[in-house]
Amino acid sequence: MNVYDGWRIARMLEHRGLTQTDNVADADIIILNTCAVRAKATDKVFSALGRIRRAKKPNALFGIVGCVAREAGANAFRRIPELNFVLGPQSYHKLPEILDDPDSRLLDINLGGLEKFDSLPQLEKSPRIAYIPIQEGCNHCCTYCIVPYTRGREISRSFESVMHDTIHAAQTGAIEICFLGQNVNGYKHTDENGKLYRLSDLIRETAKIPEIMRIRFTSSYPTEMTDDLISMFATEPKLLPFLNMPIQSGSQNVLSRMNRPYTLELYCDIINKLKQARPDIQISSDFIVGFPGESDSDFDDTMKIAQKIKYINSYSFKYSPRPHTGAALMSDQIPENIKAERLAKLDAYLNEVQREFNISCIDKTLSCLLEGPDKTGKHLIYRTPYMQPCIVEYRENAPELTDIIITDANKACLRGKFKI
Ligand code: 5AD
Ligand code: SF4
């Protein structure tokens, strides 16, 4: 979501005639798009602002957008008085106002709902993979998570406006659609006639668009993986056989303290149903280790669930206490060294499974989507249906979507050759 927001901000400013630069000393405006999910990322923001303040041109505007802006609010101006703007994740469409009035100070951390989506300028050309946000915020209130505070309560865009953006993306170059939301499978929109639309309806409608060849969505909450959505994996071949459905912990006890009220049986049942619908489906997950009160045996349960599901791609984190969250106040916080030990053990296992999965792809033919040339320009990078990067020899006018025979693999990527 953050990558999408950053990309959208860049396009919005290009619309105003600005171009991107990597050099702070050249820039007329410097924007830090920030994440507040873990303390480390947040801490980096203010040290980066201090560096930018010294390196930038005297008249250059600078400020922060995103979740740290929402969290810090007016305090950000107290810490760095020269800041020009502090805009929360639902107000970054207001950024051009600072260009119109550079002497002002722009502060907006409201959770204004859907105004942003209607205010951003329409894109003239879509990238091959079009990210389409369909809902924002989250009602789940996991006890470790700051997102319900920074991005607010869950809110879904209308079916009509999502489809409008999707069709526009298809007409301007998109081949793959990725629906985005903190709780994407919780998408629900009721139109004026009382008709309820869910994510499965968006997928079904999008699959009818001839230009769109691949569809995916991220990130999913386990208990919102309803049967209508699961059945899409059986009926819509354009839906990629790859799903991010974070479990966070394999311990029933920790899950309940995280306020993630699903049982491991239910989680595994959902995966079984998904496999019945689409036998080649693979799952990815997020994990948190060292949540308050996590015992050695709780952590072993996390290792066990990882061994059972064999996630092909995962993100694992040490628990980081966050403001506005219940878990930060729990008394049984885990020491950093134990968190680090558990993370290293889990990561080593997850990496090994990922490597094994990648190696299992050797000799298979996978339909892959072109991403672009690598840094050397000698190769092209494609994305498999499981979003693994696949490197092939450079070819002029290479096809955008094509069959690739996988010839080699390691943990990070695949190598392959064009089938034709
Ligand atoms: N500490 C560590 N990881 C966190 N996440 C969310 N909040 C925290 C936290 N306080 C992780 C979860 C989530 C991912 C986006 O970030 O695993 O799925
Ligand atoms: Fe945060 Fe995801 Fe839990 Fe929502 S479901 S509170 S975004 S971790």
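This table checks each residue for (1) more than 25 Å from GLU176 (Cβ to Cβ); (2) open to solvent by 50 Å² or more (accessible area, probe 1.4 Å); (3) among the charged types (D, E, K, R).
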{"position": "ASN351", "(1), (2), (3)": "yes, yes, no"}
{"position": "LYS364", "(1), (2), (3)": "no, yes, yes"}
{"position": "PRO373", "(1), (2), (3)": "no, yes, no"}
{"position": "MET387", "(1), (2), (3)": "no, no, no"}
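Of all residues in the range 1-24, those being in a loop (DSSP other than H, G, I, E, B) and either closer than 15 Å to LEU99 by Cα or not charged (D, E, K, R) (or both) number 8. Of the residues making up the range 68-78, those that are in contact with a Ser or Thr (Cβ under 8 Å, 6 or more places away or on another chain) and open to solvent by 10 Å² or more (accessible area, probe 1.4 Å) number 2.
Report yes if some residue within the range 252-268 is modelled with pLDDT under 95 and not polar (S, T, N, Q); otherwise report no. Within the range 252-268 (the criterion being modelled with pLDDT under 95 and not polar (S, T, N, Q)), the answer is yes, since at least one residue qualifies.
If only residues of the range 302-328 that are within 12 Å of ILE288 (Cα to Cα) and of a type in the set (Ser, Thr, Tyr) are counted, the one that is farthest from ligand 1 (Cβ to nearest atom) is THR302. Applying the criterion of being surrounded by fewer than 19 Cβ atoms within 10 Å (Cβ to Cβ) and under 30 Å from GLU160 (Cβ atoms) to the residues of the range 97-115, the residue that is modelled with the lowest pLDDT is GLY112. Being open to solvent by 20 Å² or more (accessible area, probe 1.4 Å) and either under 21 Å from ASP347 (Cα atoms) or within 16 Å of ligand 1 (Cβ to nearest atom) (or both) is the filter here; which residues of the range 265-285 pass it? Within the range 265-285, just GLN282 meets the criteria.
Within the range 136-159, the residues that satisfy the criterion of being under 19 Å from ARG216 (Cα atoms) and either away from ligand 2 (no atom under 16 Å from the Cβ) or open to solvent by 30 Å² or more (accessible area, probe 1.4 Å) (or both) are ARG157, SER158, PHE159. Given the structure, is ILE177 away from ligand 1 (no atom under 16 Å from the Cβ), surrounded by 20 or more Cβ atoms within 10 Å (Cβ to Cβ) and within 17 Å of TYR92 (Cα to Cα)? In short, no. Among (1) touching a strand residue (DSSP E or B) at 6+ places or on another chain (Cβ under 8 Å); (2) part of a helix (DSSP H, G or I), which single condition is GLU82 missing? All conditions pass for GLU82, except number (2). For the condition away from ligand 2 (no atom under 16 Å from the Cβ), surrounded by 20 or more Cβ atoms within 10 Å (Cβ to Cβ) and of a type in the set (Val, Ile, Thr), ILE288 does not qualify.
The condition (being within 22 Å of GLN307 (Cα to Cα) and more than 16 Å from ligand 2 (Cβ to nearest atom)) is satisfied by just one residue among PRO241, PRO210, PRO246, PRO222: PRO241.
When you scan the range 303-310, do you find a residue that is within 14 Å of ligand 2 (Cβ to nearest atom), of a type outside the set (Asp, Glu) and touching a residue at least 40 places away in the same chain (Cβ under 8 Å), even just one?
Filtering the range 303-310 down to residues within 14 Å of ligand 2 (Cβ to nearest atom) leaves none.
For the range 303-310, residues within 14 Å of ligand 2 (Cβ to nearest atom), of a type outside the set (Asp, Glu) and touching a residue at least 40 places away in the same chain (Cβ under 8 Å): absent.
If the condition is being surrounded by 17 or more Cβ atoms within 10 Å (Cβ to Cβ), away from ligand 2 (no atom under 14 Å from the Cβ) and under 29 Å from GLY73 (Cβ atoms), then the range 314-327 contributes only LYS318.
On the given criteria, is PRO81 within 16 Å of ligand 1 (Cβ to nearest atom), open to solvent by 10 Å² or more (accessible area, probe 1.4 Å) and without any contact (Cβ under 8 Å) to a residue 24 or more places away in the chain? Before you say what the answer is, go through the steps one by one.
Numbers: within 16 Å of ligand 1 (Cβ to nearest atom): no; open to solvent by 10 Å² or more (accessible area, probe 1.4 Å): yes; without any contact (Cβ under 8 Å) to a residue 24 or more places away in the chain: yes.
It is false that PRO81 is within 16 Å of ligand 1 (Cβ to nearest atom), open to solvent by 10 Å² or more (accessible area, probe 1.4 Å) and without any contact (Cβ under 8 Å) to a residue 24 or more places away in the chain.
The values are calculated or read from the model by the stated rules, or taken from the named source; none is laboratory data. Everything quoted here is computed from the prediction, not taken from an experiment. Virtual Cβ from ideal backbone geometry, glycine too; neighbours counted across all protein chains shown. Note: areas computed on protein heavy atoms with side chains; ligands, DNA, RNA excluded. Shrake-Rupley method; radii C 1.70, N 1.55, O 1.52, S 1.80 Å.
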